[in-house]
Structures are given as C-alpha cells and as structure tokens.
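Just below is one structure, and these are the notes that go with it.
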Amino acid sequence: MKAFKITIAIAICFGLLAFTAKPFQTSLSAQLIGEWRNFYVKIKATSLKTGKVNIMEADSANWQTRLGIKPIRTYFKADGTYYSEYRNLKDSIFKAPSGTWFIKGDSVTMEQLKPAKTTLKMKLSIANNKATFNGMIDFDGDGVANDDYFGVQKKFTAQ
C-alpha cells in the first residue's frame, strides 16, 4: 500500500510538470503575436578570414545615425507567419523579408521564405512587452552563422 501511494505521488508530480510546461510555450507564442520594433542590438561579427571580431551596437538613441535606417518592425501573426519592414530614414520600405515562425521550448525559429530562404533560431524571453532575442546569425554575409546576435524589441501598441 505504501509503494502504491508513492507511485501515485510521483505520477501526480510528473502530471503537474507536463501540465505546467505546455502553457509556458503557449504563453510565449501568444505574447509574441503582434508588432515589435527594435530597441537595442549588439552583434559580435567574427571574420572567417582573419578571426577578428567586430562589434556593432545600436540603441534607441543612436539607431538611425548608427544604422542609417529606422528601427525594424516585425509582425508575428497568429497563423504562424511573420514579416519585417526595413524602412529608410524617409520611412519608405526598402526590404520586407517574410516567412513562418514557431516556438519550441524557450526558442523561436523563423524560417524566412522571401526574399531568400534562411532559418534563424533564437533564444527568446518576453517580459513587460520587451522581447529579448539571442542567437547566432550570418550578419557579415560570409555564409556562416558565426556572428553573435543579441537584440531587444518592444511590443508596439497604437495609442
């Protein structure tokens, strides 16, 4: 009888773990839906040829001066698709990548379909309408995702 009670207690614990793990994923997905705008970015780009690391960093105070564009807008839709808008300083869209996205654990995978196919996988956390993305990308265009990306985006809400 004692062994039976221990078995039941263990089963309840595993059941609670399974029950609480799934809402986290759903919650993260639900929180990501909407419009996000870049607020801060830091990229450590490693050159394949020289091994030299170049650091590019921008925040809301110097974004336009540093990058020559307005903060990137990314729209995550409930149907699992997304698109981003890259706008010049005159607010004209000059680049609009799009594709699909999904959450697995604490990471978001974005499969860009246009203009060129590529996959980005980032650790993601969301708190207080700020999303933090961290992962390896090919920022310097050398064909290898060996550049460390850390970015913060704010959820945009129309006022």
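No value in this document is a laboratory result; all are computed from the given coordinates. Because the structure is a prediction, the values reported are computed rather than measured. Glycine also receives a Cβ, built like all others from the backbone with ideal geometry; neighbour counts cover every protein chain displayed.
Okay, here's what the table says:
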item	result
Cα-centre dipole for the range 40-159 with unit charges at Cβ (Lys and Arg positive, Asp and Glu negative), debye to 20	220
Per-residue HN-Hα couplings for the range 138-154 [Karplus 6.51, -1.76, 1.60; θ = phi - 60°; Hz; x = Gly/Pro]	9, 6, 8, x, 8, x, 10, 7, 10, 10, 7, 10, 10, x, 10, 10, 9
Fraction of alpha-carbon pairs over 19 Å apart in the range 60-159 - percent	48
Inter-probe distance in nm under a simple model that places probes 7 Å from Cα toward Cβ, at Ala116 and Lys130	3.3
Separation between Cα centres of the range 37-57 and the range 125-155, rounded to whole Å	11
Nearby lysines by direct alpha-carbon distance to Lys104 (threshold 22 angstrom, same-chain neighbours under 8 apart not counted)	Lys22, Lys77, Lys117, Lys121, Lys123, Lys130, Lys154, Lys155
